[in-house]
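Step one of this worksheet: look at the structure below.
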Amino acid sequence: MDQAKLKKLGLRLFEINAFKFGDFQMKVGINSPVYFDLRVIVSYPDVMDTIADLLTEFIKTMKVDTGVHLCGVPYTALPIATLISVKANQPMLIRRKETKNYGTKKLIEGKFSAGDKCLIIEDVVTSGSSILDTVNDLRSEGLVVTDAIVVVDREQGGAKNTEEKGVKMHSLFTLSYLLNTLLEAGRIEEKTVQSVARYIESAQIRSDGSFIKQDVKVVNSLNRLGMTFETRAAFAVCPIARELMKLIASKKTTLCLAADLSTSDEILNLVEKAGPYICILKTHADIVDDYSEAFIKSLQSLAEKHNFMIMEDRKFADIGSTVALQYSNGPFRIADWADLVTVHSLPGQGILKGLRMVLNNCTQPKGAFLLAEMSSQGNLVSPQYSAATIKMATETDAEFVAGIVCQSPGLVTFPGLLQLTPGVKIEQGVDELDQQYSTPEYVVSEKGADICVVGRGILNSKNPEHTAKLYRDRLWEAYCVRILKYDV
């Protein structure tokens, strides 16, 4: 096996977010600090081709007879098995998850005879139960199954469980191998490797889903809330999220200032005073009465001087072609100066495609924050909508989505995403327009905020510079306390 090619593939899986760290609910009922989602590889032909090549080479070393059938475990392994079948010139079978109630009513599709041998192809194995389900269906049709090849073995009992049923499991990667590959490449820290190693040892699973042993504390040891921004930066798929995490760590501030003022002079004067204490300046260009190119250039100069990013809180919410024009054209030309923008996920994936289309020739990294929840009382956002927004951010447009705007600590589990939470004020309460406010400590510790948006708490202050510094210090202290609380 070509080790250089294998390691390169491991890094590529990490880059495309098929291999991620966080706090993930598993099918077997526990949380895991690491998650594999190889379904995304169908969007990356180069990755599909490399996996198929390596598995085809692997099969040759096993000296499999040319007449042996291949069967991919439904559904992620089916395209992989198809490519191998073509490359290796091996016949293939398809196992349905359920028997069709029409036509031939077959469970196994393809031409075969009782006594034929079949090699199983699978993507990721935890307990091995999916492999064994496929084995049982194949054997019920008289097929002989003795081996299975998998892309990733999570090392949680799958190999042992399948062998007990007469099926030897061969893996392209083990979880340990992938961790060491990422460590060698400087993509993760030794602490992460050790945490996952403890998890593997403490969460061994039988094929029926029961635990041989389980330590809940170890399982949750890579919780986002207990990880530093320096550590999380390595996990960020979105380049500007990576830059922002490093900025936050070096400047020691999680404060986002909402400059909701109506004249350019007011905004520039405010930013000159508060700029040293913020990581993001959040703007609403369409409320500035004297908006001009000169104003934007001055704002950019201040951002460079005080080392913060600019976020235009546009809350895009239209079809892709329209938002592309709103982003690049019109009086504001947002794409020319905003590092970050806010986006509603309601229109679906097309809205992010439209924004990314504008940036095809852009040399500077830019990104978006998707709105998964809102801070106003009586808003209509449902838990299902929030979950779908997270899925869009992590599975579809991970390279463009820097973070999530939300109020709940359990929504953002992937440490490479940032949680931005509005409605922060030292005096807790609700304003006359039903905007809810929480204290800095509560928003960071209980709501899970990474970046906290403060507007009127600073804007209405007699001394904005002093108040911005106060918010910065209290938010950073709350973050440090949170790290200690969750870092197990």
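Of all the residues that make up segment 241-286, how many are closer than 26 Å to residue 393 by Cβ and either surrounded by fewer than 21 Cβ atoms within 10 Å (Cβ to Cβ) or basic (Lys, Arg) (or both)?
12
So in segment 328-350, with the set limited to residues that are part of a helix (DSSP H, G or I) and surrounded by 17 or more Cβ atoms within 10 Å (Cβ to Cβ), which one is nearest to the chain's Cα centre (by Cα)?
335
Hey, residue 80 hits all of (1) touching a strand residue (DSSP E or B) at 6+ places or on another chain (Cβ under 9 Å); (2) farther than 25 Å from residue 129 by Cβ but one; which does it fall short on?
Result: residue 80 fails condition (2) only.
Return only the number of the condition from (1) part of a helix (DSSP H, G or I); (2) within 15 Å of the chain's Cα centre (by Cα); (3) without any contact (Cβ under 8 Å) to a residue 40 or more places away in the chain that residue 35 does not satisfy.
Here residue 35 clears every test but (1).
Among (1) in the same structural domain as residue 287 (by TED's automatic domain parsing); (2) assigned to a strand (DSSP E or B), which single condition is residue 204 missing?
Looking at each condition in turn, residue 204 falls short on (1).
Does residue 313 satisfy the criteria of being of a type in the set (Asp, Glu), on the phi < 0 side of the Ramachandran plot, in contact with a helix residue (DSSP H, G or I) (Cβ under 8 Å, 6 or more places away or on another chain) and assigned by TED's automatic domain parsing to the domain that holds residue 344?
When the stated conditions are applied, residue 313 does not pass them.
I need a count of the residues in segment 380-409 that are at pLDDT below 85 and in a loop (DSSP other than H, G, I, E, B).
Looking only at that region, the number is 2.
So which residues in segment 9-63 are more than 23 Å from residue 180 (Cα to Cα) and among the small types (Gly, Ala, Ser), if there are any at all?
Answer for segment 9-63, where residues must be more than 23 Å from residue 180 (Cα to Cα) and among the small types (Gly, Ala, Ser): 29, 43.
Determine which member of the set 126, 134, 181 is surrounded by 14 or more Cβ atoms within 10 Å (Cβ to Cβ), in the same structural domain as residue 68 (by TED's automatic domain parsing), touching a Lys or Arg at 6+ places or on another chain (Cβ under 7 Å) and under 18 Å from residue 32 (Cα atoms).
On inspection, the qualifying residue turns out to be 126.
Could you pull out the residue among 59, 94 that is in contact with an Asp or Glu (Cβ under 6 Å, 6 or more places away or on another chain) and either part of a strand (DSSP E or B) or surrounded by 19 or more Cβ atoms within 10 Å (Cβ to Cβ) (or both)?
One residue alone meets the criteria, 94.
Identify all residues within segment 103-146 that are of a type in the set (A, V, I, L, M), within 36 Å of the chain's Cα centre (by Cα) and not in a strand (DSSP E or B); write none if there are none.
Result: 107, 131, 132, 135, 138.
For the condition outside the structural domain of residue 399 (by TED's automatic domain parsing), crowded, with 17+ Cβ neighbours inside 10 Å, touching a residue at least 60 places away in the same chain (Cβ under 8 Å) and assigned to a strand (DSSP E or B), what is the one hit in 14, 21?
21
If I filter segment 253-272 for residues that are assigned to a helix (DSSP H, G or I), charged (D, E, K, R) and within 29 Å of the chain's Cα centre (by Cα), do I get at least one hit?
Checked against the condition, which is being assigned to a helix (DSSP H, G or I), charged (D, E, K, R) and within 29 Å of the chain's Cα centre (by Cα), segment 253-272 yields no hits at all.
Go through the residues of segment 53-71 one by one and say whether even a single one is of a type in the set (Asp, Glu) and modelled with pLDDT of 95 or more.
Within segment 53-71 (the criterion being of a type in the set (Asp, Glu) and modelled with pLDDT of 95 or more), the answer is yes, since at least one residue qualifies.
For residues that are hydrophobic (A, V, I, L, M, F, W, C), in contact (Cβ under 8 Å) with a residue 60 or more places away in the chain and either closer than 28 Å to residue 16 by Cα or in a strand (DSSP E or B) (or both), tally how many sit in segment 62-76.
2
Here is a yes/no grid of residues against (1) in contact (Cβ under 8 Å) with a residue 12 or more places away in the chain; (2) under 30 Å from residue 246 (Cα atoms):
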position: 283; (1), (2): yes, yes
position: 287; (1), (2): yes, no
position: 325; (1), (2): no, no
position: 329; (1), (2): no, no
position: 337; (1), (2): yes, yes
position: 342; (1), (2): yes, yes
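If you go through segment 155-188, how many residues are in a loop (DSSP other than H, G, I, E, B) and in contact with a helix residue (DSSP H, G or I) (Cβ under 7 Å, 6 or more places away or on another chain)?
Residues that pass the stated criteria total 7.
In segment 281-298, how many are more than 31 Å from the chain's Cα centre (by Cα) and in a helix (DSSP H, G or I)?
Of the residues in segment 281-298, 8 are more than 31 Å from the chain's Cα centre (by Cα) and in a helix (DSSP H, G or I).
The values are calculated or read from the model by the stated rules, or taken from the named source; none is laboratory data. On a predicted model such as this, the values are computed, not experimentally measured, just so you know. Note: ideal-geometry Cβ built from the backbone for every residue, glycine included; neighbour counts use all protein chains shown.
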